[in-house]
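What follows is a set of notes on a single structure, which appears directly below.
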């Protein structure tokens, strides 16, 4: 009996790792190269900024709603499968659309279906890990590997063929993700209190609101880097292959952060890790402004792990610790909605205006200043705030021996 249970845990773990790998590999094949696609279609910086701001807006509005719907109906897996299938269909039509007026609604619908995928999977993964929640980073590590493998390969294919490979790669990889999603260990948890009462507990918590303010700033900086880095590189003469390598170097920087995330959380807690991430965004954004040769981007990309990955691990951990029982998907949806949604909107729109009017250097310096102000405010407020936080969980939970 124990052997069967251990085997079931192992199979569930393999399914989770495989999904993270396939999902982020698919994202790496499409998202970074959309800017190049828009540029090839002749869109201006403002038009690109507008299109880049659409997914964050849709994520802000839809990710919490998808999560709330899943928690309220207890149909997490069905909604996940439906969202993945919808994203696949829309991306196919995306690849056939070239007019700016038609691309707008396509981007809206794509973002609507893509928004809940990772919040639902993250919430289910944290629930499945149980007392080993601090080991989440070692699972999320497989997403970073998928991104790092896919990005340079797609970049190479685009350089030798066409940008259409961004869409083909996504469809192929997400079809695999759809198949794997069926085997994910998603448990439909029941709330210990009425859904709307639990939601009010989340949104009325001052610590939660401070946390959302921090991840908003992080999301804004991330959006500026994600949406305009390739344009900046292109202006300095970087090849498409080098752009793919830049994503690979960023991925390599994620690996140690994700692998040792349990130790980082146990040592500093989610608050401390959030401050480290903000400080890394300050240094990273400033470093871009001193680049004179394309190869130098590869060096700066090593700060991606300390900025994005540290904030993501801390955010998932904090959202999980603050969520009432049965509302984990809602909490993860709010976290994702504010960081990738609200922060992404601000980064896309402000970044587009600054890029057009003042250039990339001023844009990145503005991002560094925003992260610095956020860090200072968060540090001051955190010192006077109660230290109530998720209790660090020792390494060695029930799933520990299956993670590596």
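Counted as qualifying within the stretch 71-160 are the helices (runs of 4 or more DSSP H) with 3 or more residues that are more than 30 Å from residue 44 (Cα to Cα), at pLDDT 85 or above and within 19 Å of the chain's Cα centre (by Cα), namely 76-94, 117-129, 136-160.
Counting residues in the stretch 88-105 that are within 24 Å of residue 219 (Cβ to Cβ) and buried (at least 23 other Cβ atoms within 10 Å of the Cβ) gives zero. Kindly evaluate residue 60 against the criterion of being within 26 Å of residue 184 (Cα to Cα), in contact with a helix residue (DSSP H, G or I) (Cβ under 9 Å, 6 or more places away or on another chain) and modelled with pLDDT under 80. The answer is yes for residue 60.
Within the stretch 176-186, the presence of at least one residue that is part of a helix (DSSP H, G or I), at pLDDT 80 or above and under 18 Å from the mean Cα position of the chain (by Cα) is confirmed. Of all residues in the stretch 237-265, those that are modelled with pLDDT under 85 and not in a helix (DSSP H, G or I) total 3.
Every listed requirement among (1) assigned to a helix (DSSP H, G or I); (2) at pLDDT below 90; (3) within 29 Å of residue 361 (Cα to Cα) is met by residue 276 save one, (2). As a summary of the residue check, residue 42 satisfies the conditions (1) farther than 20 Å from residue 171 by Cβ; (2) in a helix (DSSP H, G or I) except for the one numbered (2).
Looking at residue 361 and the list (1) at pLDDT below 80; (2) farther than 30 Å from residue 116 by Cβ, which single condition is not satisfied? Unmet condition: (1).
Restricting to the stretch 189-223, name every residue that is outside any helix (DSSP H, G or I) and modelled with pLDDT of 60 or more. Selection gives 204, 205. Taking the stretch 20-38 as the range and being farther than 30 Å from residue 125 by Cα and modelled with pLDDT of 85 or more as the test, the residues that pass are 37, 38. Does residue 312 satisfy being in a helix (DSSP H, G or I), free of Cβ contacts under 8 Å to residues at least 12 places away in the same chain and either crowded, with 24+ Cβ neighbours inside 10 Å or out of contact with any strand residue (DSSP E or B) (no Cβ under 8 Å at 6 or more places or on another chain) (or both)? It is false that residue 312 is in a helix (DSSP H, G or I), free of Cβ contacts under 8 Å to residues at least 12 places away in the same chain and either crowded, with 24+ Cβ neighbours inside 10 Å or out of contact with any strand residue (DSSP E or B) (no Cβ under 8 Å at 6 or more places or on another chain) (or both).
The values are calculated or read from the model by the stated rules, or taken from the named source; none is laboratory data. Given the structure is predicted, the values throughout are model-derived calculations rather than measurements. Because the Cβ atoms are built from the backbone with ideal geometry, glycine has one as well, and the counts that use them run over all protein chains shown.
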